[in-house]
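For reference, the structure is listed below as structure tokens.
What follows draws every value from the coordinates through simple rules; no lab data is involved. Fair warning: this is a prediction, and the values are worked out from it, not measured in the lab. Glycine also receives a Cβ, built like all others from the backbone with ideal geometry; neighbour counts cover every protein chain displayed.
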Amino acid sequence: MDEEMKKEEESIRKNATIYDLLKLEHKDVKKLFKQILDSESFQSNIYNQASKSLAIHLDAEEKVFYTQLINNRESRSETIEGFEEHDVARKIMKDIDDSTDNDVKFAKFKVLTEVVSQHVDDEEGDIYRKAKKVLSKEQEQEIAKQFMNEKMSMMNLPSSPSATNPQPSPTPTPM
Ligand SMILES: [Fe+2]
Ligand SMILES: [Fe+2]
């Protein structure tokens, strides 16, 4: 990679907002899901990869992003919905793992794709719209760094030295 490309990549990473990172991941998971749907049968290899990424995405998203939104009146309701949709997705993923019947796995997987697709639409629409009212530009970039660090630690990788340490997040109280 030449110097100019390196600089450009560094600048994109430095300026990325949490929305940029989350949208990229949504796209990746949707792409893997589509591969399975197109094959019209349960593809455990692709599914394992997709569900692992999705599980980490949900956890990291809640920890660094949703916790910044749930205690603000402006964004509270949509965030509670988001938490709930995450739990529905986790429940279906657990059911898929618990089943040994590939027809059952594939049927449940199809429901998972619908739930995730609806959730991503809600998130990229309602949640981001509200988050943009609540968070400053600096916060949107800071949370992006925290998100990367959180994912690194979930995957047991060393975090980026240029990223700042995440602040302790308030405990979500979706009640
Ligand atoms: Fe998301
Ligand atoms: Fe989400």
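Calculated mean residue ellipticity, 222 nm, the chain: -23500 deg cm²/dmol, from DSSP H runs (n ≥ 4) at -39500 (n - 2.57) each, averaged per residue and rounded to 500. Taking N as the number of residues in the stretch 52-91, what is its Cα Rg relative to 2.2 N^0.38 Å? My calculation over the Cα atoms of the stretch 52-91 gives 1.14. Which entries of Lys6/Lys27; Lys6/Lys137; Lys34/Lys137; Lys108/Lys151; Lys52/Lys133; Lys94/Lys133 have Cα-Cα distances beyond 29 Å here? Over 29 Å apart, Cα to Cα: Lys34/Lys137; Lys52/Lys133; Lys94/Lys133.
Enclosing the Cα atoms of the chain in their convex hull gives a volume equal to 137 cubic angstrom per residue.
Sorting Phe42, Phe147, Phe65 from the fewest to the most surrounding beta carbons within 10 angstrom yields Phe42, Phe147, Phe65.
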